Amino acid sequence: FNQELFGAPTTLPWGLQIDPASANFPPGMAPGTLFHPTFLYESLWNLAGVALLLALDKRFRFRRGMLFWLYVAYYTLGRVWIEMLRTDDAEMVSLFGVPARLNVWTSLLLFVAALVIFAVLARRRRTPADESLYLDGRAPEAAAAATGGAVAGEKTPAADGTGAPADGAAGGSGPAGAGAAPGDGVNNSEISPKNPVTAVSTESGRANLAGTSTEADKAPESGSAHRERARHRDMKKK
């Protein structure tokens, strides 16, 4: 669309036509001259590289970093070829008596460096960290150990039933359970009708021991029911 950064003249059927009135049209060229669409070449090169690199990684399971440097080598190799097709003005650099565009020498340097780093990584032994999706020391287990927290999904002592009972539980050391033995019965309705803690009276306890009552097996009665039962017992005594 910008009619710029195209390549040298070509007679290929996919050649790019540039408007002769454009400031980017090469001087001295005849109108209707076709040019290499270098940006199209680079796009196709990149798409082919995606498919190739993913296929190689699936086949060889590259360790961390290897796939990146293989991409650098692949991309710069194509960039050398594409840069050599272009005819627009660019900074020229001569190395070893060979003049070339600066981007060509930069791509060649990165290509060689990428191959060297790729070879070094390939010679190293694989470690469990290479199979992990997390950076070193960033796995959930390592993070939990560093902060002293529990790993997600791990049960706490209270959750798995192995923890000590809470204060105030039956047989515990809290005020509600201090000195209380199983089976001790206190008629709380006679002591304080507002006391929410209910227990079986002494008479009910003796009846239960004789097997003549099942009051202890029933659900705790309300305070008003306790007071009514106490009133009936007082009337019987009188």
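If you go through segment 73-94 and keep only what is of a type outside the set (S, T, N, Q) and open to solvent by 70 Å² or more (accessible area, probe 1.4 Å), you end up with Leu77, Trp81, Met84, Asp89, Glu91, Met92. Scanning segment 118-142 for residues that are out of contact with any Gly (no Cβ under 8 Å at 6 or more places or on another chain) and open to solvent by less than 70 Å² (accessible area, probe 1.4 Å) yields Phe118, Ala119, Ala122, Thr127, Ala129, Asp130, Ser132, Gly137, Ala139, Pro140, Ala142. Listed here are the helices (runs of 4 or more DSSP H) enclosed by segment 92-193 that have at least 1 residues being modelled with pLDDT under 50: 188-191. None of Trp45, Trp14, Trp69 is loosely packed, with under 12 Cβ neighbours inside 10 Å and in contact with a helix residue (DSSP H, G or I) (Cβ under 9 Å, 6 or more places away or on another chain) except Trp14. Has segment 21-38 got any residue that is buried (at least 16 other Cβ atoms within 10 Å of the Cβ) and among the hydroxyl-bearing types (Ser, Thr, Tyr)? Within segment 21-38, one or more residues are buried (at least 16 other Cβ atoms within 10 Å of the Cβ) and among the hydroxyl-bearing types (Ser, Thr, Tyr). If you go through segment 82-105 and pick out every residue that is in contact with a Phe, Trp or Tyr (Cβ under 9 Å, 6 or more places away or on another chain) and within 19 Å of Glu4 (Cβ to Cβ), you end up with 5.
The values are calculated or read from the model by the stated rules, or taken from the named source; none is laboratory data. Just so it is clear, the structure is predicted and the values come from calculations on it, not from any experiment. Positions of Cβ are generated from backbone atoms using ideal geometry, with glycine treated the same way; all protein chains shown enter the neighbour counts. Only protein heavy atoms, including side chains, enter the accessible area calculation; ligands, DNA and RNA are left aside. Shrake-Rupley method; radii C 1.70, N 1.55, O 1.52, S 1.80 Å.
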